[in-house]
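Structure first, commentary second.
Each value in this text was obtained by applying a stated rule to the coordinates, not by laboratory testing. In this text the structure is predicted, and so the values were computed from the model without any measurement. Methodologically, a virtual Cβ is constructed for each residue, glycine included, from the backbone with ideal geometry; neighbour enumeration extends over all protein chains shown.
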Ligand code: SF4
């Protein structure tokens, strides 16, 4: 299943260096049940998050989003909670790979000024983000081709199911 | 054009000279997952059509993060790992055998010049061995176990050059905390680090592992200690950088005057000289983890605690990094010294590092820990505070009941 390429939704905006322990605390990670993850997503950062997030919403952050552990449960929890795309000034590398691998789109926009509650219009294919509230348009850093190929398949599982191996 | 260690190792694996910025698909020499990442790896492996891992001798699963299992849910995930390992004919390291990174090195799953992929963010630890080692998540690891390959962008390299020798009583942990403070938690994102200079040359393998381990705390893809002075039990061919290698950035520090360092809540790069925090009351002291749970770490703690009792308001937990470390610490008397001083010994493994079990701090409590991370909630309670220090600092603080410079007990 390929991911949706046009998203119009509300932004939840948080700050810099949000680590994976804050995205999903280690004590909840030992599970294959995705709803448990979604129930606790971001709870140590914003206990209200779970109540305010709606299907399709956009998560926006500052620098180094997803630093810390390699737990793939972090992007999985966000995706399961309804987040359709994460936009950050930049990402920690394992989180970045994990998100693409599980089919959660991520966009790096180093100079964004997106504010809490902003309405965004995201064109994933071209990496263009329009902040409809502030009336500013941003262009995201281009992904390496192999990541685009993985994302187009909806994640690495489908990519390998289809191709059997990596190719450049 | 000259090459860095990372560029050389990757070039050797892809059969042509490659440089920073190039995208490659490389074969790998080993792959592992723990019980945090393993179950999702197995699930993804099956979903992507995986039948056999690329080489059962080069793949391993380790039960270390929640070992022994604290509840039935995790017990069932552990069983899933055991079943998969049996089915694949690959080794599973059982509860108590040790932390993934420690057992991979002890059992020679990774050697100098290798590319190793681990589903754990502290996989760069093997940079101590002059290997290119990266952490990934579960689905990436599943793909590597299936194909024996990984896609990589050849990273740019930051060189960290430390001249001078560390003072007596100042350890590799103090040095790496200092460096994390300077480089910051995102200062090396997507990049490789090469640690080079006199300060590293005399270091044991264990100390080099402490250094490479915390490359993760700077966001690095990998962190490789220059192999000069590296001693191993077997013969190896070291990979050294060319003199005209291209570094994206070079840091130069003279570390001969370095004092013990402490990282304060709630980020590993919030690092200061210990004097800033001396006297901070603590409730709980922890020595263990892939950063500082090795014999030399337990030995230095024992040296400080020998014949004494820890402070009555403090509890102390010791989790040796592996069974082999534990046996050595029993053999040389270190373990009885620590227990006689009042420490509590738990299963070799991650212990309370990641907040799953075995020693979660209470609300408002302060922990001094020899681990590598002190993010809010890391040890399972967002209302506790974690300070990071060397094992010597943890031991001296346990003794006095507040953060203490270990110097006076070591000189
Ligand atoms: S000891 Fe801590 S940091 Fe090391 S692998 Fe285990 S949980 Fe991770």
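Brief remarks follow.
- Chain A: calculated mean residue ellipticity at 222 nm from DSSP helix runs of at least 4, using -39500 (n - 2.57): -7000 deg cm²/dmol
- Shielding of B:366-375 by partner chains, average beta-carbon count, 10 Å: 2
- Considering only B:261, B:88, B:358, the mean-square fluctuation computed in a Gaussian network model of chain B, springs between alpha carbons under 10 angstrom, is largest for B:88.
- Highest GNM mean-square fluctuation among A:152, A:50, A:135, for chain A modelled with Cα contacts below 10 Å: A:135.
- Proportion of all alpha-carbon pairs of the stretch A:6-162 beyond 20 Å (%): 45 percent
- Put in line by how crowded their Cβ is, counting other Cβ atoms within 10 Å and starting with the fewest, B:369, B:11 read B:11, B:369.
- In this structure, residue B:231 and residue B:1 have a Cβ-Cβ separation that, at R0 = 25 Å, corresponds to a calculated FRET efficiency of about 0.20.
- If you wrap the tightest convex hull around every Cα atom of chain B and split its volume per residue, you get 127 Å³.
- Comparing mean-square fluctuations of B:373, B:73, B:294 from a GNM of chain B with C-alpha springs under 10 Å, the top value falls on B:73.
- Rounded if a/c under 1.5, otherwise prolate or oblate - the stretch B:261-411, Cα gyration tensor axes: oblate
- For the stretch B:48-105: rounded, prolate or oblate by the Cα gyration tensor [a/c cutoff 1.5]: oblate
- Counting, for every residue in A:88-100, the Cβ atoms of other protein chains within 10 Å of its Cβ and taking the mean gives 5.
- By the helix-only formula, in which each DSSP H run with n ≥ 4 contributes -39500 (n - 2.57) and the sum is divided by residues, chain B has a 222 nm mean residue ellipticity of -8500 deg cm²/dmol.
- Given R0 = 35 Å, the distance between the Cβ atoms of residue A:39 and residue A:6 translates into a calculated FRET efficiency of 0.75.
- The ranking of B:366, B:271, B:136 by Cβ neighbour count inside 10 Å, starting from the fewest, reads B:366, B:271, B:136.
- Once both labels are positioned 7 Å from their Cα atoms along Cα-to-Cβ, the gap between residue B:240 and residue B:411 label points is 3.6 nm.
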